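Heads up: the structure comes next, in structure tokens.
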Amino acid sequence: MQVARVSSAMVAFLCLAYGLSASQSPPSPKFDPAAVARGEQLLKAECGFCHGGNARGGSGGPDLTRSAIVQEDENGKQLGAFLRVGRDDKGMPKFEFTEPQISDLATFLHSAIYLAANRSLYKILDILVGDPKAGEAFFNGAGQCRSCHSPDGDLKDVGAKYDPVTLQGRLLMPRTGGPPGTPAYRYPNAVKVTITLPSGESVTGALVRLTDFEVTLYEAAASGQMRSWLRNGDVPKVVVTDPLQAHMDMLKKWTDADMHNMTAYLASLK
């Protein structure tokens, strides 16, 4: 795919047109939310089977946000001309959309392209859609969360400490710790391994690597260094313990309703 290059002359022209300095950027495009919503519904109803409900590709059609026709489109002009003709040889039928429908569809597709290119602008909405009472019942019952956690102990005021997005993320990805780039074996809740040597000596640390041929651990409390041993069958003896095993087991059991309810319950602990 060819990527258009913006020349220095074009940058200068844009800056002049928008009254910006060379270090500034043109203003972000504005999309009518109502038009975006209508365009999205039209796409799902008429194009979603092939191109997916989000226009990112489906059972037989490509990702429309990467389409040259869509990317070069001007307010639905090029897109409308293409839709009225179609491509029978490619299995693409023609569509008799009205001008307002084409405008809405183009608005949705252009907004999708803009958000894909500027992912930091994406806002997660409607996280708290569950029932906190049902979440509390799951916490105390089927989820067996109370066997390790307490709303008056380690989870006290957790809803005030973290936003709902973070709370839901921690349910699915509980093993976190440290700044980005921190290796998992340095997390406070890292997977532990105990190695027992033929002499009877045992060493415990955070698991770094385990294969059929060697095992490596990180001794944070002792030397702060890594230690490795070659393996020959069951020698040395290796026992792996995951402090988050209950959370890992839950990954196969979560339903959408339980996840939403638990998020709502944890957010209510303030």
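The values are calculated or read from the model by the stated rules, or taken from the named source; none is laboratory data. Everything quoted here is computed from the prediction, not taken from an experiment. Backbone-built Cβ (ideal geometry, glycine too); neighbour counts: all protein chains shown.
Tally the residues that are basic (Lys, Arg) and touching a residue at least 24 places away in the same chain (Cβ under 8 Å), restricting the search to region 231-247.
Number satisfying all stated conditions: 1.
Would you pick out the residues in region 222-264 that are under 30 Å from Tyr162 (Cα atoms) and among the hydrophobic types (A, V, I, L, M, F, W, C)?
Leu244, Ala246, Met248, Met250, Leu251, Trp254, Ala257, Met259, Met262, Ala264
Please list, ordered by first then second residue, the pairs with beta carbon atoms under 7 Å, 6 or more apart or interchain, first in region 213-230 and without any contact (Cβ under 8 Å) to a residue 24 or more places away in the chain and within 16 Å of Pro188 (Cα to Cα), second part of a strand (DSSP E or B) and of a type in the set (Asp, Glu).
Here the result reads Gln225/Glu219, each pair linking region 213-230 to a residue that is part of a strand (DSSP E or B) and of a type in the set (Asp, Glu).
Quick check on this structure: which one of Thr196, Thr241, Thr255, Thr216 is under 23 Å from Ala142 (Cα atoms) and hydroxyl-bearing (Ser, Thr, Tyr)?
Among Thr196, Thr241, Thr255, Thr216, only Thr255 is under 23 Å from Ala142 (Cα atoms) and hydroxyl-bearing (Ser, Thr, Tyr).
Which residues, taken from region 135-166, are touching a Leu at 6+ places or on another chain (Cβ under 6 Å) and either assigned to a helix (DSSP H, G or I) or of a type in the set (Val, Ile, Thr) (or both)?
Result: Val158, Gly159, Pro164.
List pairs: first in region 39-65 and in the same structural domain as Asn75 (by TED's automatic domain parsing), second modelled with pLDDT under 85 and of a type in the set (Ser, Thr, Tyr), Cβ under 7 Å, 6+ apart or cross-chain?
From residues that are in the same structural domain as Asn75 (by TED's automatic domain parsing), the pairs are Phe49/Ser59; Cys50/Ser59.
Looking at region 167-210, which of the residues that are part of a helix (DSSP H, G or I) and in contact (Cβ under 8 Å) with a residue 24 or more places away in the chain is surrounded by the fewest Cβ atoms within 10 Å (Cβ to Cβ)?
Only one residue fits best here, namely Leu172.
Starting from residues that are surrounded by 12 or more Cβ atoms within 10 Å (Cβ to Cβ) and modelled with pLDDT of 90 or more, keep the ones in region 152-165 and report whichever is nearest to Asp258 (Cα to Cα).
Applying the filter and picking the extreme gives Pro164.
So which residues in region 39-53 are more than 15 Å from Lys90 (Cβ to Cβ) and buried (at least 17 other Cβ atoms within 10 Å of the Cβ), if there are any at all?
Gly39, Glu40, Leu42, Leu43, Gly48, Gly52
One line per residue, one yes/no per condition, for (1) assigned by TED's automatic domain parsing to the domain that holds Gln168; (2) modelled with pLDDT under 85; (3) of a type in the set (Ser, Thr, Tyr); (4) within 29 Å of Asp163 (Cα to Cα):
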| residue | (1), (2), (3), (4) |
| --- | --- |
| Val36 | no, no, no, yes |
| Gly86 | no, no, no, no |
| Lys90 | no, yes, no, no |
| Lys94 | no, no, no, no |
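Go through (1) among the basic types (Lys, Arg); (2) surrounded by fewer than 10 Cβ atoms within 10 Å (Cβ to Cβ); (3) farther than 19 Å from Arg146 by Cα one by one and return the number of the condition Lys253 breaks.
In the conditions (1) among the basic types (Lys, Arg); (2) surrounded by fewer than 10 Cβ atoms within 10 Å (Cβ to Cβ); (3) farther than 19 Å from Arg146 by Cα, Lys253 misses (3) alone.
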